[in-house]
Amino acid sequence: MELRKYLLCLEFILLLKGLCQCFNIDVKNPRIFTGPEDALFGFSVLQHEDGGEKSMLVGAPWDGPPNNRKGDVYKCIVGEERNSNCSKINLGETALQNVSKNLRNSHLGMTLTPDSPDGFLACAPLWSQECGTSMFSTGICASVSDDLKPREAIAPTAQRCSTYMDIVIVLDGSNSIYPWYEVQNFLSNILSKFHISLDQMQVGILQYGEVAVHEWSLKDYQTTQAVVEAAKNISRQEGRETRTAFAIQTACTEAFSAERGARDGADKVMIVVTDGESHDGEELEGALSECISRNITRYAIAVLGHYIRRQQDPETFIKEIKSIASDPEEKYFFNVTDEAALNDIVDALGDRIFTLEGTLGYNQSSFHMEMSQIGFSTHTLDDGILFGMVGAYDWDGGVLKEGINGRIIPSREAFESEFPLELKNHAAYLGYTVSSVIVGDWKRLYVAGAPRFKHKGKVILFELSDDGDVNIVQALNGEQIGSYYGSEVCGLDIDQDGITDVLLVAAPMFLGSGNKETGRVYIYTLSGEEVFVSNGTLKSEEKSQDARFGYALAAAPDLNHDGFTDLLVGARWRMITEEPFISTTETVFTSCTITSSVFQGHRFRPPFSILAAV
């Protein structure tokens, strides 16, 4: 009888073990990879294999000196040793060498994503374009092969600066211009305002009197400092005649020619500075027609000093100079009392030349793609990459698909049914995270989170056509203000049949007991109607702490070999002892039971120290 009880008890224990022994990961002897301090080494990780060699790619987006955190990616060999050394790949100097001058504080390595069909993407969402005095964080990603050779740079929202201009100053150097040093001061001051580089402004100067002379061409100088220095050495040409029409004609046909450095697609701007009526006024109409046919914008500045000194009426002169200026004249025409007063209009002239792309007016602007931050979130598809554009459309956010059928950028209005335009200035951050799920009939739905929508957060599931049309199939809404619901999403194919069974949505800043950011993960299961329905939540252990449970979500392979997919949940700030230490942790939820196990990360003192374990 006692033996029978013992056997029954043993059988029960064995059955219980089959239900509850859900993990086979060695947590006592992890492989530890270390990187430079303060580089945020481990911000992103990606398993990698090339030629049978297994390694970890580790993002370190704050890599670099304090004044230039351009970031990079490290390769860490997965060998037999418990602690392994890691080597920097130097992606910034290889994969992004053509745009390396803009890598300053771009934080390359914030995102690492598998590419299709092989290789990976390393992204720098804070990569910025300098346009005038503005910095536009459009973001950039590097596509890299498995053997770490660069393939291409992907910057789908990078735009040509509105300061992409070819500017020619047509300068009167006749005898009546006096004193000349005031003209030189004006040139130095206005040129110092120009942002001169190959991808922004170029400046040429043509001086005239009886003849027209190219002081220098558009292609001659490529820095602001160089043109300012060159302007100091311009001497007055002199001459008894002022052949303004001839000078304008020469500027249109010669100064803006490709031979002298004019660029395709650059805005053409002419600035005419003169102090007297032209001696070839009858030819002025033809010269201006030539400018108009070449789409040259003309600013005209009338210097009245010669007339005032001689007490002459400048009315006819002013009328002629107004005819040179583009319409409307109140924007393109200036007059000053004398040569010294030229410096009084430098700021106004500069402001009128520099117009910010997308402006609604002088004091109101609207951004479209300029702050999109491509690479903040990415998701690999069979036919391309889905990018979140968290900063697009005034930080309302959006998505972009780069695929075999081309580039698809839905408009802001495409999401209007769930993101009303009247809330467009509320910074919803759509695209903070992106993913996709497969529902019935093998239909793919794209998923995007907007954690700041109405301060509670929202997740949308939608279809996206090749024409950019959006069909929002379902919207899921957060329940607590400030919880950052939708900052992470993860679809799980539990039974590995190709159909997504569960969609998880994280709210890592969800306030629990004691007003602590304990975090929460919402579970949605696929119903027969091909929509996801709420089916409970996952929480961290019952303890008041700022765990931020759900800070990261990832589908894991079948860790316990029961035939079902498992889930990893990150809890970034979970306290693991009573000591003043903080630890990153991961909770593994398996399919066999509702129990969970917490894997403790390497303890470290705030603010940063990172561990990656395999």
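Read-outs: derived from the displayed coordinates by stated rules, not from any lab. Bear in mind that the values here come from a model prediction, so they are computed numbers and not experimental data. Ideal geometry is used to build each Cβ from the backbone, glycine not excepted, and the neighbour counts take in all protein chains shown.
Take the Cβ-Cβ distance between THR380 and ASN233 as r, set R0 to 56 Å, and report the resulting FRET efficiency rounded to the nearest 0.05. Display every interim value, and only then the final one.
Working: r = 57 Å, r/R0 = 1.01.
FRET efficiency, THR380 to ASN233: 0.50.
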Exercise. Based on the Cβ-Cβ distance from ASP147 to ASP327, what FRET efficiency comes out when R0 is 60 Å, to the nearest 0.05?
Worked result: 0.55
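May I ask you to compute the full-extension gain from VAL78 to GLU285, defined as 0.36 nm times their residue separation minus their alpha-carbon distance, rounded to one decimal in nm?
Values: separation 207, 0.36 × 207 = 74.52 nm, distance 7.54 nm.
Going from the current span to full extension adds 67.0 nm.
Under the 0.36 nm per residue contour assumption, what length would be gained going from the current alpha-carbon distance of ASP562 and GLU479 to full extension?
Working: separation 83, 0.36 × 83 = 29.88 nm, distance 3.44 nm.
This chain segment gains 26.4 nm when fully extended.
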Exercise. Once amide H atoms are built 1.01 Å from N in the peptide plane, which residues 5 or more positions from GLY204, or in another chain, come under 5 Å H to H?
Worked result: ILE167, VAL168, ILE169
Exercise. Quick one: Cα centre-to-centre distance for the range 260-335 and the range 151-220, in angstrom?
Worked result: 16
Exercise. In terms of modelled amide H atoms, which long-range or inter-chain residues lie less than 5 Å from the amide H of VAL473?
Worked result: LEU461, PHE462, GLU463
Seminar exercise, completed: A correct Karplus calculation of ³J(HN,Hα) over the range 482-489, with 6.51 cos²θ - 1.76 cosθ + 1.60, θ = phi - 60°, whole Hz and x for Gly and Pro, returns x, 7, 6, 4, x, 6, 9, 9
Problem set entry | Label point distance in nm, ASN471-GLU53, each placed 7 Å from Cα along Cα→Cβ | 4.8
Exercise. Once fully extended, how much extra length lies between GLU241 and ARG444, figured as 0.36 nm per residue of separation less the alpha-carbon to alpha-carbon distance?
Worked result: 65.7 nm
Problem set entry | Paramagnetic label zone (point 7 Å from Cα along Cα-to-C-beta, TRP180; backbone N under 16 Å) in the range 250-279 | 275
Problem set entry | For the range 131-139, 3J(HN,Hα) per residue [Karplus equation, 6.51 cos²θ - 1.76 cosθ + 1.60, θ = phi - 60°, Hz, x = Gly/Pro] | 10, x, 8, 9, 10, 9, 8, 7, x
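For the range 290-430, would you read off the P(r) tail past 20 Å as a percentage of all alpha carbon pairs?
Numbers: 6421 of 9870 pairs.
Value for the range 290-430: 65 percent of Cα pairs lie more than 20 Å apart.
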Exercise. Counting other C-beta atoms within 10 Å, which of MET201, MET371 has the fewest, and how do the rest follow?
Worked result: MET371, MET201
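Would you mind getting me the FRET efficiency between VAL531 and SER116? Use the beta-carbon distance for r and R0 = 35 Å, nearest 0.05. Could the numbers behind the result be given before it?
Values: r = 28 Å, r/R0 = 0.80.
Rounded to the nearest 0.05, the efficiency is 0.80.
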Problem set entry | Rounded to whole Hz, the Karplus (6.51, -1.76, 1.60) HN-Hα couplings of the range 153-160, x for glycine and proline | 9, 10, 9, x, 9, 5, 10, 5
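Could you please rank LEU288, LEU96, placing first whichever residue has the fewest other Cβ atoms within 10 Å of its Cβ?
Least to most surrounded, the residues fall as LEU288, LEU96.
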For this session: Report, ordered by chain and residue number, the aspartates and glutamates lying within cross-link reach of LYS70, taken as a straight Cα distance under 20 Å and ignoring same-chain residues fewer than 8 apart.
Result: GLU37, ASP38, GLU93, GLU130, GLU152, GLU370
Seminar exercise, completed: Once both label points are put 7 Å beyond Cα along the C-beta direction, the ASN67-THR223 separation in nm becomes 1.6
Problem set entry | Inter-label distance for GLU277 and ILE404, nm, one decimal - labels placed 7 Å from Cα along Cα-to-Cβ | 7.2
Exercise. Radius of gyration and Dmax for the range 165-354's Cα atoms, expressed in Å?
Worked result: 15.0, 46
